[in-house]
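Chemist: Just passing along the structure, written as structure tokens.
Taken together, the values in this text are just the output of simple stated rules run on the coordinates, not laboratory data. Note that this is a predicted model, so its numbers are computed, not measured. As a convention, Cβ positions derive from the backbone with ideal geometry for all residues, glycine included, and neighbour counts pool all protein chains shown.
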């Protein structure tokens, strides 16, 4: 065998006998990058960065984002991530927007921001620069920060160039890091902002059919013609485009967190956006619905179009059977075999109630009742309201009132001690209503004066006087009749008469018939009626409807409103005076219009 062939064969054998080394693969993990690396703003202006989280080695774990050196920044600088946690697809790219806000009091200087991501036990970070300045320069920004653009579709972004200080030069706009299959245009490509104002351009981005589905961060480069320091002539902003792999749709809700008060309906707008040319009916539903929550979509299904999203109204109502708390629910859409979900956090809260309390009087006498009334809002029919009274010595006791269908409640209590009293209302709440308390009201309880005691017992005093007068008149009349009988002379018996002589009457001459005619009765003397003390009935006006009622009435005869025991001056009414006389027979006090005595039934003279 030829020597060269032998050597070749030996080498071949040596190579084939070596162990096979596997191809190196990327490590499991993620990388954090931020675009652009520098932003310039004036005090009081906002700006934004895009945070890209790229996974390697099949990494697909949530990554929490934060600004590590937030504590070292002035309190006037705030940083908010949207979203705060990014889950990149395996060997793919996820992103979030970091919005930086400042105030007019933010110091002008360069700030270094360290943005880190933590997930799967790993951490990665990137550093960017924020310049807050008042010197003459300019800034550039885009809105919205990100959009989903399907293959063979295009969307627009609004680009704003803002002058700081006295800057007023021409600024050219270009787009960097444009991937294959993506095209763009600015209209106009040059803008000149007036001093202290802004100029605008429209960025149109088109995704061709040959573009690779992915998430792309595109850098907007704004260059001034001159008149600035070299470091201030170029500023950057960004836009993020998400090119999906398939034709589908996206569900958006106005907020990922929604508070619902029990009994108060809430309406939300749900937006269904076409991705990659999707145009078909999407059936909407709500999943993981907590007990006691009712919902409806209007309309459903909906049909988004490539050039315009579809909307539906989601109406949510937490009934009284719902349990307050925090829940997660999913708004889902299904169309053409594709199901998408948007998770929303619901916070069901009991209804906040308010208690009001009022007193009809602020000063009463001991023995009088204090009218207390109030209202629970919104109305809770049948609610038990605790009315807590505080005595002058500080001790408390509770009386319970029940609210009506309109939330009103009332109580009347007669205090037993003299001094300063207090009363307040409390509601313990229930599963659907929060507890509440009213303000504390005070009222004074004083002893009754002698005149008030006389007025209070006027009717009984008048009746006692009438009874005593009647008894006195009866005794007087009885004694008068007895004295008159003692003074009258005893009757005189007629003298005895002799027997009448015998008279012989002959038949021829019969005796004449004798007819006894009684003597006419003497005329009856006229009896004069004696006047008795009149009956005086005190009266008052109903504090509610003004009807004249008895001063002792606890309720109005007309409107049935409860009446305070203490009659204020403005509610006094003229007393009712009823004339009366004595019975001519027994002396009983009767009405002056009576035809017969109520006691002996004797007729009375007119």
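Chemist: Given R₀ = 25 Å, FRET efficiency for residue 352-residue 101 by Cβ-Cβ distance, to 0.05? Intermediate results must be reported in sequence, preceding the final value.
Modeler: On the way: r = 31 Å, r/R0 = 1.25.
Step by step, r from the Cβ atoms, then E = 0.20.
Chemist: Also, quick follow-up: How long is the gain from residue 444 to residue 223 if the chain were fully straight, where each residue apart is worth 0.36 nm and the alpha carbon distance is subtracted? Present the calculation step by step, with values, prior to reporting the outcome.
Modeler: Numbers: separation 221, 0.36 × 221 = 79.56 nm, distance 8.10 nm.
The span from residue 444 to residue 223 would gain 71.5 nm if fully extended.
Chemist: Please give, to one decimal in nm, the separation of the simple spin-label points placed at residue 571 and residue 414, each 7 Å out from Cα toward the Cβ.
Modeler: 1.7 nm
Chemist: Residues in region 100-143 near a label at residue 166, defined as backbone nitrogen under 13 Å from the 7 Å Cα→Cβ point?
Modeler: Taking a point 7 Å out along Cα→Cβ of residue 166, the residues of region 100-143 whose backbone N falls under 13 Å are 135-137.
Chemist: So how far, in whole Å, is the C-alpha centre of region 120-162 from the one of region 313-377?
Modeler: Their Cα centres are 42 Å away from one another.
Chemist: Tell me, in nm to one decimal, what length is gained between residue 264 and residue 300 on full extension, where the rule is 0.36 nm per residue of separation less the Cα-Cα distance?
Modeler: 10.7 nm
Chemist: What do you get when you divide the Cα radius of gyration of region 540-585 by 2.2 N^0.38 Å, with N the number of residues? All intermediate terms of the calculation are to be shown ahead of the outcome.
Modeler: Working: Rg = 14.1 Å, N = 46, 2.2 N^0.38 = 9.4 Å.
Working it through for region 540-585, the quotient is 1.50.
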